[in-house]
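Right, one structure below, let's go through it.
Read-outs throughout are calculated quantities, based only on the coordinates presented, and are distinct from any laboratory measurement. Remember, it's a predicted structure, so these values are computed and weren't measured experimentally. Glycine also receives a Cβ, built like all others from the backbone with ideal geometry; neighbour counts cover every protein chain displayed.
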């Protein structure tokens, strides 16, 4: 990432790790809140934030900024994700298997592809600065989404996305 950013690589990688979990529950939690169920998400958020702050303060003396990142990531994965998943399943009457099949399994394929493409990109052309990192990751993200759109989504899902895009354009 260029001079001055070398120490930020490990914290960034750790912090990005929780998005694998967060990305699969964000939409579901939005649906829960849209249904007017806000007490459970608030309690989960408060518990996660409290654990985040406490763990971050404990880990800072040992790991510096990486301690703050661990203090953020660990509660997001071990507290926020499972509790939010429980709330989603409870209030939507979706089974865990159905949730996994529709919300997680296909996302994992796209995340894996994006991770592989990002590693290949960094090996082929190590980015000299933050701007190039952003360009490379934008390209990786767009390519992973394009591949996911074509080979991961069903025909019905692709048609629905096309209808939404057309509606936004016209």
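How would you classify segment 95-170 from its alpha-carbon gyration tensor, with a ≥ b ≥ c the square roots of the eigenvalues: rounded for a/c under 1.5, else prolate if a/b is greater than b/c, otherwise oblate? Since a/c reaches 1.5 but b/c is at least a/b, the shape of segment 95-170 is classed as oblate. Computed over the alpha-carbon pairs of segment 125-166, the distance histogram in 10 Å steps reads 27, 35, 22, 15, 0 percent, short to long.
Expressed as a whole percent, how much of the Cα-Cα distance distribution for segment 27-123 exceeds 21 Å? Kindly include the intermediate steps, with their values, before the conclusion.
Numbers: 2419 of 4656 pairs.
Of all Cα-Cα pairs in segment 27-123, 52 percent lie more than 21 Å apart.
Once the chain from residue 39 to residue 22 is taken as fully extended at 0.36 nm per residue, the excess over their C-alpha distance is 4.2 nm. Under the simplified labelling scheme, the residue 142-residue 7 pair shows an inter-label distance of 3.4 nm, with each label point 7 Å from Cα along Cα→Cβ.
Dimensions of the chain based on its C-alpha atoms, expressed as ranges along the principal axes with the largest first, amount to 46, 40, 31 Å. Working from Cα pairs under 8 Å separated by at least six residues, relative contact order for the chain is 25 percent. Normalised by the number of residues in segment 1-93, the average gap of Cα pairs under 8 Å and 6 or more apart makes the relative contact order 36 percent.
Among 32, 9, rank each residue by its count of other Cβ atoms within 10 Å, from fewest to most, as a rough exposure measure.
Details: 32 20, 9 11.
Listed from fewest to most nearby Cβ atoms, that is 9, 32.
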